[in-house]
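Please read through the structure below; I'll follow up with questions.
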Amino acid sequence: MAWQGSTRKSRLPTNWASLRRRVLRRDKGVCQMPFSDGRICGAEATDVDHIVPGGDHSMANLRALCSWCHARKSSSEGGAAAALTRVRIDRPKPTHPALED
């Protein structure tokens, strides 16, 4: 289950089901994810996505996405967030044994 182990559901507004229906209806049930060439995915939308992650649940920040595009976007955001928490270790560059005195 997607919500298992996540606190995300508890951070959604109490009217999330209504907002979700409104977004899917507004976007006519079509995935709104743009491709790099500007085309829109156009597959059947099953998920509602926050364009900018966070607490903004306004209609302007929500869009309908297909499950594939939503998973890809969420994975990308998770990877970017994890990269910010990684500790970078700068190690001295080794010299070639033949160049040591």
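The values are calculated or read from the model by the stated rules, or taken from the named source; none is laboratory data. Note that this is a predicted model, so its numbers are computed, not measured. Note that each Cβ is placed from the backbone with ideal geometry, even for glycine, and that neighbours are counted across all protein chains shown. Accessible surface is based on the protein model in full, side chains and every heavy atom, while ligands, DNA and RNA are left aside. Shrake-Rupley method; radii C 1.70, N 1.55, O 1.52, S 1.80 Å.
Could you pull out the residue among ALA81, ALA45 that is aliphatic (A, V, I, L, M) and open to solvent by 50 Å² or more (accessible area, probe 1.4 Å)?
When all the criteria are applied, what remains is ALA81.
Just the residues that are among the basic types (Lys, Arg) and either at pLDDT below 95 or within 19 Å of the chain's Cα centre (by Cα) (or both), please, taken from segment 10-38.
ARG11, ARG20
Next up: Which condition number in (1) in contact with a strand residue (DSSP E or B) (Cβ under 6 Å, 6 or more places away or on another chain); (2) touching a residue at least 40 places away in the same chain (Cβ under 8 Å) is the one that HIS57 fails?
HIS57 satisfies all of (1) in contact with a strand residue (DSSP E or B) (Cβ under 6 Å, 6 or more places away or on another chain); (2) touching a residue at least 40 places away in the same chain (Cβ under 8 Å) except (1).
Related question: Only one of ALA71, ALA60, ALA64 is closer than 24 Å to ARG25 by Cβ, hydrophobic (A, V, I, L, M, F, W, C), modelled with pLDDT of 95 or more and in a helix (DSSP H, G or I). Can you tell me which?
Just one listed residue meets the conditions, ALA60.
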